[in-house]
Structure formats: C-alpha cells, structure tokens
Amino acid sequence: MAVKGTDIVKKLPDLGKKNCKECGFPTCFAFAMKLASGGATLDKCPHLSPEVTEELEDALSPAIKLVTVGTGDNALQVGNEEVVFRHDKTYVHPTGIGLLISDTEDSAKVDEKIKKISDLQFDVVGINLKADLLALKCDSGKKDTFLALVDKVCKSTGVPFMLICEDADILLAARDICADRRPLLYPVTKNNIDKIIPAIKEKPGPLGVKADSLEELIPLTTRLKEEKIDEVVIDPGSKDLMEAINDQTFIRRAAIKQGFRPLGYPTIAFPGTLAKGELKEILVASALVIKFAAVLILTDFDEFGLRPLLMQRLNIYTDPRMPLSVEEKLYAVGEPGETSPVLITTNWALTYFIVSAEIESSKVSSWLLVKEAEGLGVLTAWAAGKFNGDSIAPFLKRSGVEDKTKTRKLVIPGKVARIKGELEDALPGWEIIVGPREATEITGFLPGYAAKLKN
Amino acid sequence: MDFKAPVESFAGSVREVSIGSGAKTVKIGGENRLAYSPFDEGSTPNPPRLALEVWDMAPEDWPESTTAPFADVLSDPVKWAQKCVDYGADMVCLRLVSTDPSTKNAPAEAAAQTAKQVAQAIKVPLIVCGSGDEKKDAEVLPKVAEACSGESLLIGPAVKENFEPIAKACQEHGHSIIAQSPLDINLMKELSIKLSKVFPADRIVIDPLSSALGYGMEYSFTIMERTKQTGVAFKDAMTQMPIIADLAAESWKTKEAKSDEKQGILWEGITAVSLLLAGANLAVLRHPDSLKLVSDTLR
C-alpha cells in the first residue's frame, strides 16, 4: 500500500504549512507529493525530527523489501515489487532460479551441477537467460563434508549462492568461510534465531526465514526487524502447490494491499518438495513464477526444463507497458544467398519472432530486414509514421542488404500495401512486392515466390 | 500490528456454460472468484477442464512426438477421439482442418458428418472448430450445428466477420459458441456485445487467442487475467463468460517444442498452466503427457 502525498504532508513542519522552500520545492505539499512518487528524498527537509524521519522513512520504503544475494555483477536482487497483478504496472525483479547441490551427492554430480549453472544460457532477442544461484545443502550432518562443498563451490564459480543447513552451528561455520560473497542463509527458524541474530549483526547478510505457516513467520520477521535485520526472504513452509499459491498470494496481498510490514519480504519456495518428477517440478515452478515467488530452488534441471521456465519468467516479467523490441538490422533466416528473398518487418519482438519462425518453417532461406519502430507492430508503426517510404529507404541502404544479394525485390507486409508507391519512389532500382497480410500465410507464399525469383 | 488474512470477496460471477447432452454434460465457469483462489469468499463450482485435439485428417507437419501417441488412429477421427478419452481428456476438440480452402477444401456436409460420428462415439462432450477460414467456417459450422442437433456441442470460432450465420444455427440446434477475437480486450467485449444481441449470453465461451510461451504468451495471460478480473470484481457483464485457451497448435508450432519431446511437453504444459492460472476455464492441448502433467499439477 503506497503512502499518499496527502498523508505525508501532515507530518511535515507545522502540519505541512511551513512552506519555507528550503527543500527546493515551492510548498510542503509539493515536496510531499514528490516524496510519495519517489522523486525526492527526506534529507532535503532540514526541519524533521528524528522520530518523524524514521516514521516517514518506514512509510516510504517499498512494500516488499529489496534483498541482494551475492556480490558484483552476478548478484541476484529480488523484491521491491509494487503490484499484485502485472497489468497493474509491471513486475520488477524476475524470480531467481536456483539449483540445489547436496553435500551427499558424489563429486561427479557436484561438478556437473556447477558446470550446468554456467553453461546453460540462452539468448532470446539479445536478452541472456540463465539460472541465478546455487543452493548448497548440508544433508550429511557433517560439518567437514559441508564446508568442503562450500569451499569447492566458492573457488569454482562466481555465481551467488545460498547455504542450507538445519544445524545453525554448521550453517554459521559455512558462512564464515564465504561471508564476503553474501550468501543467503537458510533456514532461520524459531529454534535457531537466537543463535543467528548475533552472528548476522557481526557480519550482515541476507537470511531465509522459515516457519510452518504464514502466521508463524510474523513473530520471526518482527523480531529480526527489532534487531535492525531486514534483508530477509520468507518461506511459509507450504506443503503442496495449492497451499503455496494460497500462502504466496496472501503474502503479496498483505504486503501490497494492507501495507503489512512483517510480511513485506520476497519469498522463497522449493518446487521439488511440492511435486516429484523432473517435468512436474518444472511445471510447479512455472506456477510459482506466476504466483509471486521471488526465489525458486530446483533439485535439478536440464536444458529442456530450464529453457521453458526461463522463457516463461521472461514473458511474465516483461513490462506490459513497454513492448519488447529487437535490434534494427538485417537478419539472415536460414542460410540466404544472393538470390534469396528479402523481406521487411518491424522490430516488435513478437512480430520478429513470428515472422522469422514462419520463414523458418517455409524452409526458404531469406534475408529479413527488421526496421526500428519503437517496438510497435506493423500497422501501428505505419500509423505512427515509423514504417513508411522515407524511413525504410535509408535503413535499407544502411543495412548492407544490397551487398549481400542481387535481389532487388523487397517483400513488404500486406497490411501496409499502401506504402508500395512511396517506397518505390524512395528506392530507385527496387521493386516492391506486397506480401501476405498475416505472418501465418508466409509459409504458403514464400516457396512459390522464391522459385519465381530464381528464374 | 495484527495480521488479518487478506481474504477477498467479489460481487460478480462468471456465467456457467453446459457442454454435452445427457449423462455426458460438463459445465464450465460459474465461479464468483478468481482462478485457483479457494481461499477467497465465494465458490468455484466447476474446475477448469482439459481437452485434447483431434484432426479430421492425418496431420502432416506435427512433430513425431505428438503423432506417436496416436500413430494407429491418425486417419480415423472417431478412434482418435476415443483414444483421447482413454488418455483422460475431459473433452475432445475436433478440428475440421480438411475444410480449409488452402488445403483439401473438403465440403461442409462431409465435415459435418465426421463431427456427428465423433460426437456420437465418445462419452465426453465435443468441441468442434472450423479451419479458421472465416468464409468457409460460416458455411461449415452451421452444417455441423444442424447435423449434430441435440448434442450440445461447443462450436467455433465465431469471429466478428462471420458470427451471424454460426450463431443462428447454434441457437436453433442448441449448441454453445466460441467467440474469438484477436488478443485485445476491447475487441473481445465488442464481439460479446454484438453476439449476445442475437445469441444467449450463457452459451458463449470467449477465446481471446492463446499465444504460446515465448511467442506472446504474456499478452494472452494478461488479457485472460484482466477479463476474469473485470467480470468477477467489476461485474462487467460482457466479460463474464468462461474462457477457452486453445493453445495446442500454437505451442507445437514453436521450434522449441518441435526440437525436443520433453521440452515440447513442457512448452505446452507451461503455456497451459500459465493461462489456467490467469483464468482460462477450458484448455485445449495436443500431447497426452502434457494433459496428464497439467492435470496432476493443478488438481
């Protein structure tokens, strides 16, 4: 629940009527409105008492705490979410996907998993998709065994990691050999919280708090907050997917809609404890990507499971207000040569995906020009003046397509057939061919067209 | 600060649509809360249903992973449909692909007879979809409605260009209708308004189009989520219809699904899970394994 400017102003000097302008704003009210929208900071007002400052700081902090695991470029950030539904604004920090390594797994398996976390990466329209962290778990109950695993992982990868151990002494001992890497410590429970607190005050870092229910989490996060520890992710201990959906939804609603601070933290879940089987675990994870989980730890994954999961995360966390776009350039679909067809479309990622997929399935290697149009679809781009003769011609010249092919025929989307004339005027020597209206018709159109080109 | 469980209650409800006649009747919709929210006030009388698709001609471009489970029945829609029921499908979706003018251009009468045979042979309700060619569908679907009179099929897609003849025939012969609009909540409402003037609103199922994972799924997801929300929370009568997520073809057309069987099953499965969580009341799938997986996961 975001705090309103009208509520803030009452806390400012003289109930917001001082209007001294020392903050740089014309009135206290203007300053309060800026504070509420995040456009100003409290320190600009020199007249606030420490109590009021603390109260306002708390009110102005995000409904869901931002938590950082790891350090440097690889660090994983979760939290700071502002909405329940993605269409209300957008989701901000994609769910962190982690891979579990148990200290009872043999060293070949451990090596394989360490390799997987860095090797399994996928490029989608210039976005790099990969898993985010390793979760190292002490199942052996032996301190030396666990520390050896932690040490090995520390030395072999820069990926952020999480340490899981029921025994707080072993957990803290493991933390001590890698505290500079800011590992996420888990689980903090009502049984070990007294031991954990002093150790965290000494070396601050993120904590994973676990309880058997949402209600039982509240005294734990409250206690930590009193100790000024708030870099926390929470695990309500859900037993199955339906319970997890319930817990996750209540946590998100409590944080956003009720402004309930003790649950205003990102969440963590373990799909492998909610369902067994490699495919089912991925499917459960995908349900929790939608249902608000901030970190998901998988028992294992391979390319066929990780790729769709990361793709789904990308889809769900894409800002619905900003169309995803691809780079403006000449794309080769298949292995086009100097007599291959040349087609053009706009740089909305979806348009590009669909058109290139249809060209691929037509099995006719082609040159695809993708014109920058602020990520709009073909017809909208035309209407906005981003896809017409004057703008396409210079791009085509720039793209280098004329050096790659002897073809001087350009296929334009059927929906913008009207630009044929102006494009021919702007591109002397080129013939403009009006192609299919819908991408799905490309597979029907291309083979015949390509055959004609060759003759 | 005391914690009060953020249970929500809603004033609107989704219309309940019955598909199939007699003992095989299945209802979809009817809920007055959001998808997968048993913790909120209200009720969800009918769980989301899962259908498997059947073509009326042997498909040529399906990846082998999807033809293998049906290898012996691909040229017999009746047996194929029965096999879908054996695999656990709540419904069967028969696609009259052969009527497409750009392929076999089979006559409407023949397709209607196939639909009738399939409807009579299976013990679950039948969904019948045209080829998607709006002109031909306007010819084929009324014939299907007539031939299958009394079977209470779900017939579609009816789009803004062809809904009139389809609605008329479905009205006359007691079927429900799929109202399809292209990924836009306003166009969807516009079609609902037009259609409900000539057709009972409690026999309309809306299809806002289902894009596959990685190929625009987020648009379908958000339109479905908003549709459900405006219907249930804001009582907009023109979005209070059950939603169908017909995602089989889109999912299996992707190169990711074609290239690896397990990845394909997950591609279809994750698309289905996402759209069901968004609020779809009925999903059409292709692979029996993804059907089972989705069913096991979300039930």
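Could you grab me the full set of residues in the stretch A:331-352 that are outside any helix (DSSP H, G or I), aliphatic (A, V, I, L, M) and out of contact with any Phe, Trp or Tyr (no Cβ under 6 Å at 6 or more places or on another chain)? Working first, answer last.
Of the residues in the stretch A:331-352, the ones outside any helix (DSSP H, G or I) are A:331-348.
Applying the additional criterion that residues be aliphatic (A, V, I, L, M) yields A:332-333, A:342-344.
A:Ala332, A:Val333, A:Leu343, A:Ile344 - these are the residues of the stretch A:331-352 that are outside any helix (DSSP H, G or I), aliphatic (A, V, I, L, M) and out of contact with any Phe, Trp or Tyr (no Cβ under 6 Å at 6 or more places or on another chain).
Tally the residues that are among the acidic types (Asp, Glu) and not in a helix (DSSP H, G or I), restricting the search to the stretch B:178-206.
Looking only at that region, the number is 1.
Quick one: would you say B:Trp267 is of a type in the set (A, V, I, L, M, F, W, C), within 13 Å of chain A (Cβ to nearest Cβ), buried (at least 22 other Cβ atoms within 10 Å of the Cβ) and out of contact with any Leu (no Cβ under 6 Å at 6 or more places or on another chain)?
Numbers: of a type in the set (A, V, I, L, M, F, W, C): yes; within 13 Å of chain A (Cβ to nearest Cβ): yes; buried (at least 22 other Cβ atoms within 10 Å of the Cβ): yes; out of contact with any Leu (no Cβ under 6 Å at 6 or more places or on another chain): no.
Against the criterion (of a type in the set (A, V, I, L, M, F, W, C), within 13 Å of chain A (Cβ to nearest Cβ), buried (at least 22 other Cβ atoms within 10 Å of the Cβ) and out of contact with any Leu (no Cβ under 6 Å at 6 or more places or on another chain)), B:Trp267 does not qualify.
Could you list, in sequence order, all residues of the stretch A:392-440 that are closer than 29 Å to B:Thr254 by Cβ, small (Gly, Ala, Ser) and touching a helix residue (DSSP H, G or I) at 6+ places or on another chain (Cβ under 9 Å)?
A:Gly414, A:Gly435, A:Ala439
Out of the residues in the stretch A:283-305 that are under 21 Å from A:Glu105 (Cα atoms) and among the aliphatic types (A, V, I, L, M), which is farthest from the chain's Cα centre (by Cα)?
Ranking the qualifying residues of the stretch A:283-305, first place goes to A:Leu298.
All but one of (1) under 19 Å from B:Phe3 (Cα atoms); (2) buried (at least 23 other Cβ atoms within 10 Å of the Cβ) hold for A:Cys165; which doesn't?
(1)
From the list A:Leu446, A:Leu453, A:Leu423, which residue is touching a Pro at 6+ places or on another chain (Cβ under 7 Å) and closer than 26 Å to A:Glu327 by Cβ? Quick ask: steps written out before the conclusion?
Details: A:Leu453 fails: closer than 26 Å to A:Glu327 by Cβ; A:Leu423 fails: touching a Pro at 6+ places or on another chain (Cβ under 7 Å).
One residue alone meets the criteria, A:Leu446.
Quick check: anything in the stretch B:167-183 more than 23 Å from B:Pro47 (Cα to Cα), β-branched (Val, Ile, Thr) and in contact with a helix residue (DSSP H, G or I) (Cβ under 7 Å, 6 or more places away or on another chain)? Write out each step before concluding.
So the first thing to find is which residues in the stretch B:167-183 are more than 23 Å from B:Pro47 (Cα to Cα), and the list is B:167-174, B:181-183.
Of the ones still in play, those that are also β-branched (Val, Ile, Thr) are none.
Looking through the stretch B:167-183, none of the residues is more than 23 Å from B:Pro47 (Cα to Cα), β-branched (Val, Ile, Thr) and in contact with a helix residue (DSSP H, G or I) (Cβ under 7 Å, 6 or more places away or on another chain).
With the condition kept exactly as written, say whether any residue in the stretch A:391-401 is modelled with pLDDT under 95, surrounded by 14 or more Cβ atoms within 10 Å (Cβ to Cβ) and in a loop (DSSP other than H, G, I, E, B).
Taking every residue of the stretch A:391-401 in turn, none turns out to be modelled with pLDDT under 95, surrounded by 14 or more Cβ atoms within 10 Å (Cβ to Cβ) and in a loop (DSSP other than H, G, I, E, B).
I'd like the full set of residues that are surrounded by fewer than 24 Cβ atoms within 10 Å (Cβ to Cβ) and in contact (Cβ under 8 Å) with a residue 40 or more places away in the chain, limited to the stretch A:168-184.
If the condition is that a residue be surrounded by fewer than 24 Cβ atoms within 10 Å (Cβ to Cβ) and in contact (Cβ under 8 Å) with a residue 40 or more places away in the chain, then A:Asp180, A:Arg181, A:Arg182 are the ones that fit.
Quick check, is A:Ala381 small (Gly, Ala, Ser), under 30 Å from the mean Cα position of the chain (by Cα) and in the same structural domain as A:Gly421 (by TED's automatic domain parsing)?
Details: small (Gly, Ala, Ser): yes; under 30 Å from the mean Cα position of the chain (by Cα): yes; in the same structural domain as A:Gly421 (by TED's automatic domain parsing): yes.
Considered against the rule, which asks whether it is small (Gly, Ala, Ser), under 30 Å from the mean Cα position of the chain (by Cα) and in the same structural domain as A:Gly421 (by TED's automatic domain parsing), A:Ala381 comes out as yes.
So in the stretch B:1-38, with the set limited to residues that are more than 30 Å from B:Gly156 (Cα to Cα) and touching a Pro at 6+ places or on another chain (Cβ under 9 Å), which one is surrounded by the most Cβ atoms within 10 Å (Cβ to Cβ)?
In this case the residue turns out to be B:Phe3.
Which residue, of B:Ala11, B:Ala58, B:Ala5, is of a type outside the set (S, T, N, Q) and either closer than 30 Å to A:Lys225 by Cα or in contact with an Asp or Glu (Cβ under 7 Å, 6 or more places away or on another chain) (or both)? Even if it seems obvious, please write down each step before you answer.
On the way: B:Ala11 fails: either closer than 30 Å to A:Lys225 by Cα or in contact with an Asp or Glu (Cβ under 7 Å, 6 or more places away or on another chain) (or both); B:Ala58 fails: either closer than 30 Å to A:Lys225 by Cα or in contact with an Asp or Glu (Cβ under 7 Å, 6 or more places away or on another chain) (or both).
On inspection, the qualifying residue turns out to be B:Ala5.
Given the residues B:Asn46, B:Asn32, which is the only one that is modelled with pLDDT of 95 or more, touching a Gly at 6+ places or on another chain (Cβ under 7 Å) and within 21 Å of A:Phe85 (Cβ to Cβ)?
Values: B:Asn46 fails: within 21 Å of A:Phe85 (Cβ to Cβ).
Selected residue: B:Asn32, the only one of B:Asn46, B:Asn32 that is modelled with pLDDT of 95 or more, touching a Gly at 6+ places or on another chain (Cβ under 7 Å) and within 21 Å of A:Phe85 (Cβ to Cβ).
Say we look at the stretch A:314-338 and pick out the residues that are within 12 Å of another protein chain (Cβ to nearest Cβ) and closer than 15 Å to B:Tyr215 by Cβ; which of these is surrounded by the most Cβ atoms within 10 Å (Cβ to Cβ)?
Checking each candidate, the answer is A:Asn315.
Count, please, the residues in the stretch A:307-321 that happen to be assigned to a loop (DSSP other than H, G, I, E, B) and more than 10 Å from the chain's Cα centre (by Cα).
Taking the stretch A:307-321 as the starting set, the residues that turn out to be assigned to a loop (DSSP other than H, G, I, E, B) are A:318-321.
Within this subset, residues satisfying the condition of being more than 10 Å from the chain's Cα centre (by Cα) are A:320-321.
Here the count works out to 2.
Taking interchain pairs and intrachain pairs at least six residues apart, which have beta carbon atoms under 6 angstrom, with the first residue in the stretch A:118-134 and more than 18 Å from A:Asp73 (Cβ to Cβ) and the second part of a strand (DSSP E or B)?
Hits for this filter: A:Phe122/A:Leu129.
Just checking: which of the helices (runs of 4 or more DSSP H) contained wholly in the stretch A:1-62 hold 3 or more residues that are at pLDDT below 85?
Values: elements: A:5-9, A:13-16, A:28-37, A:50-60.
Per the criteria, A:50-60.
Tell me, which residue of the stretch A:227-241 that is surrounded by fewer than 17 Cβ atoms within 10 Å (Cβ to Cβ) and modelled with pLDDT of 95 or more is nearest to A:Thr68 (Cα to Cα)?
For the stretch A:227-241, the residue satisfying everything is A:Glu227.
Test B:Val144 against the criterion of being surrounded by fewer than 21 Cβ atoms within 10 Å (Cβ to Cβ) and either touching a helix residue (DSSP H, G or I) at 6+ places or on another chain (Cβ under 6 Å) or in a strand (DSSP E or B) (or both), and give yes or no. First the steps, then the outcome.
On the way: surrounded by fewer than 21 Cβ atoms within 10 Å (Cβ to Cβ): no; either touching a helix residue (DSSP H, G or I) at 6+ places or on another chain (Cβ under 6 Å) or in a strand (DSSP E or B) (or both): yes.
No; evaluated as a whole, the condition is false for this residue.
Of the conditions (1) assigned to a loop (DSSP other than H, G, I, E, B); (2) within 13 Å of another protein chain (Cβ to nearest Cβ); (3) under 17 Å from the mean Cα position of the chain (by Cα), B:Met241 fails just one. Which one is it?
Here B:Met241 meets the rest and fails (2).
The values are calculated or read from the model by the stated rules, or taken from the named source; none is laboratory data. Being a predicted model, the structure only gives us computed values, none of them experimental. Using ideal geometry, Cβ is built from the backbone for each residue, glycine included, and neighbour counts are taken over all protein chains shown.
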